[in-house]
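S.K.: This structure is in structure tokens; I'll ask about it shortly.
The values are calculated or read from the model by the stated rules, or taken from the named source; none is laboratory data. Remember, it's a predicted structure, so these values are computed and weren't measured experimentally. Note that each Cβ is placed from the backbone with ideal geometry, even for glycine, and that neighbours are counted across all protein chains shown. The area values use the complete protein model at the heavy-atom level, side chains included, leaving out ligands, DNA and RNA. Shrake-Rupley method; radii C 1.70, N 1.55, O 1.52, S 1.80 Å.
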Amino acid sequence: MSRESGAASGGPGGRNPRNNAGPRERRQTSVAGRGRDPEQAWSVLRRLAGRYAGYFTTRTVVRSGCEELIRAALDEGRVLRVGVGLMRLGDWPPGPLDDYAKWSAWFDGAAAVSHHSAAELHGLGRLRPRFVHMSASGGRLPSSPGLVVLRRTLRRDDVESAGAFLLTTPLRTILDLAESGIGQIALDEVVADAVAIHRCDGDEIYTAAGALPAHAAERLRRSVDRA
């Protein structure tokens with residue numbers, strides 16, 4: 001599936017709350033990283049990778065000052081290469097949410113799991129996504145057939161933390177799906193589940209629908225009436 005592009009919604013939420021340094025500050029950090037002793041540099045790399053379930057990028061290697069250590073770590077199995085520009089600490093245990101953490105690491109945390117994937121994580125509906133859906137405000141797009149990236153900026157109250165990654169809130173997820181191409185029956189199930197398991201209140205969804213285009217708002221309100 002090709003990558004999609006979404007309209008920006010505005011707001012500060014697209015920045016990584018764990019790493020909100022600007023480009024100049026990050027460059028200074030990289031320069032400082034080159035002066036660290038190997039043990040300190042490795043400790044910094046492990047700390048940064050620990051934010052994303054052990055995943056990190058080549059940018060993180062430079063930022064931590066581990067350029068001279070990484071080749072030996074790969075040869076010894078202390079680091080595993082998992083994709084172009086993506087690596088993982090070799091002693092980190094695998095988990096069921098690794099794909100989300102991996103792509104969050106790619107975007108330095110400035111992205112959120114969204115749409116069908118967020119609905120799956122929240123337990124809403126039965127969409128069974130075949131791809132990982134993420135919303136990102138910037139950053140280089142990776143080449144992966146299993147990933148769909150929508151370009152947009154999310155507000156802080158549109159996302160919540162899931163530990164190693166961010167994902168859109170249940171309400172934001174429902175609004176996104178109402179604007180997407182899922183069928184009315186599938187949308188009905190998403191909304192019904194959200195209300196049944198108290199992820200969202202029906203009145204809250206009905207009111208929030210007012211921010212959507214007319215057709216999407218009508219679809220969503222119809223789902224609320226049926227929930």
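S.K.: Evaluate the range 172-179: report whether one residue or more is of a type outside the set (Val, Ile, Thr) and under 16 Å from the mean Cα position of the chain (by Cα).
M.R.: Yes, the range 172-179 contains a residue that is of a type outside the set (Val, Ile, Thr) and under 16 Å from the mean Cα position of the chain (by Cα).
S.K.: Just a yes or no: is a residue in the range 93-101 open to solvent by less than 10 Å² (accessible area, probe 1.4 Å), in contact with a strand residue (DSSP E or B) (Cβ under 9 Å, 6 or more places away or on another chain) and either assigned to a loop (DSSP other than H, G, I, E, B) or farther than 22 Å from SER180 by Cα (or both)?
M.R.: Yes, the range 93-101 has at least one match.
S.K.: Answer with yes or no whether ALA178 is farther than 30 Å from ARG46 by Cα and open to solvent by 60 Å² or more (accessible area, probe 1.4 Å). Outline the logic, then answer.
M.R.: Details: farther than 30 Å from ARG46 by Cα: yes; open to solvent by 60 Å² or more (accessible area, probe 1.4 Å): no.
So ALA178 does not fit the description; no.
S.K.: Would you say ALA209 is part of a loop (DSSP other than H, G, I, E, B), buried (at least 20 other Cβ atoms within 10 Å of the Cβ) and at pLDDT 95 or above?
M.R.: Numbers: part of a loop (DSSP other than H, G, I, E, B): no; buried (at least 20 other Cβ atoms within 10 Å of the Cβ): yes; at pLDDT 95 or above: yes.
It is false that ALA209 is part of a loop (DSSP other than H, G, I, E, B), buried (at least 20 other Cβ atoms within 10 Å of the Cβ) and at pLDDT 95 or above.
S.K.: Take SER135 and decide whether it is of a type in the set (S, T, N, Q), within 13 Å of the chain's Cα centre (by Cα) and in a helix (DSSP H, G or I).
M.R.: It is false that SER135 is of a type in the set (S, T, N, Q), within 13 Å of the chain's Cα centre (by Cα) and in a helix (DSSP H, G or I).
S.K.: Restricting to the range 196-215, what's the tally of residues that are of a type outside the set (D, E, K, R) and under 24 Å from the mean Cα position of the chain (by Cα)? Talk me through it step by step, then tell me what you get.
M.R.: The initial filter retains those residues of the range 196-215 that are of a type outside the set (D, E, K, R), namely 196-198, 200, 202, 205-215.
If we keep only those that are under 24 Å from the mean Cα position of the chain (by Cα) too, we end up with 197-198, 200, 205, 208-209, 211-212.
So the count comes out to 8.
S.K.: Moving on to the next point. Being touching a Gly at 6+ places or on another chain (Cβ under 9 Å) and within 25 Å of PHE107 (Cβ to Cβ) narrows it down to one of GLY138, GLY123, GLY163, so name that one.
M.R.: GLY138
S.K.: Just the residues that are under 17 Å from PRO96 (Cβ atoms) and outside any strand (DSSP E or B), please, taken from the range 151-172.
M.R.: ALA162, GLY163, ALA164, PHE165
S.K.: Given the conditions (1) open to solvent by 20 Å² or more (accessible area, probe 1.4 Å); (2) over 19 Å from LYS102 (Cα atoms); (3) part of a helix (DSSP H, G or I), report the number of the one that GLU120 does not fulfil.
M.R.: Answer for GLU120: the failing condition is (2).
S.K.: State whether the residues of the range 168-175 include one that is open to solvent by 50 Å² or more (accessible area, probe 1.4 Å) and either of a type in the set (S, T, N, Q) or under 23 Å from ARG51 (Cβ atoms) (or both). Before the answer, list the steps.
M.R.: Filtering the range 168-175 for residues open to solvent by 50 Å² or more (accessible area, probe 1.4 Å) gives none.
Scanning the range 168-175, I find no residue that is open to solvent by 50 Å² or more (accessible area, probe 1.4 Å) and either of a type in the set (S, T, N, Q) or under 23 Å from ARG51 (Cβ atoms) (or both), so the answer is no.
S.K.: Test ALA73 against the stated conditions and say whether it is crowded, with 22+ Cβ neighbours inside 10 Å, assigned to a helix (DSSP H, G or I), in contact with a strand residue (DSSP E or B) (Cβ under 6 Å, 6 or more places away or on another chain) and hydrophobic (A, V, I, L, M, F, W, C).
M.R.: no
S.K.: Report the residue count in the range 181-206 for those that are open to solvent by less than 50 Å² (accessible area, probe 1.4 Å), touching a residue at least 12 places away in the same chain (Cβ under 8 Å) and assigned to a loop (DSSP other than H, G, I, E, B).
M.R.: Total satisfying the criteria: 2.
S.K.: Looking only at the range 141-150, decide whether some residue is open to solvent by less than 20 Å² (accessible area, probe 1.4 Å), in a loop (DSSP other than H, G, I, E, B) and closer than 27 Å to THR57 by Cα.
M.R.: Yes, the conditions are met somewhere in the range 141-150.
S.K.: Among (1) surrounded by 13 or more Cβ atoms within 10 Å (Cβ to Cβ); (2) closer than 30 Å to ARG46 by Cα; (3) acidic (Asp, Glu), which single condition is ASP157 missing?
M.R.: If we test ASP157 against (1) surrounded by 13 or more Cβ atoms within 10 Å (Cβ to Cβ); (2) closer than 30 Å to ARG46 by Cα; (3) acidic (Asp, Glu), just (1) comes out false.
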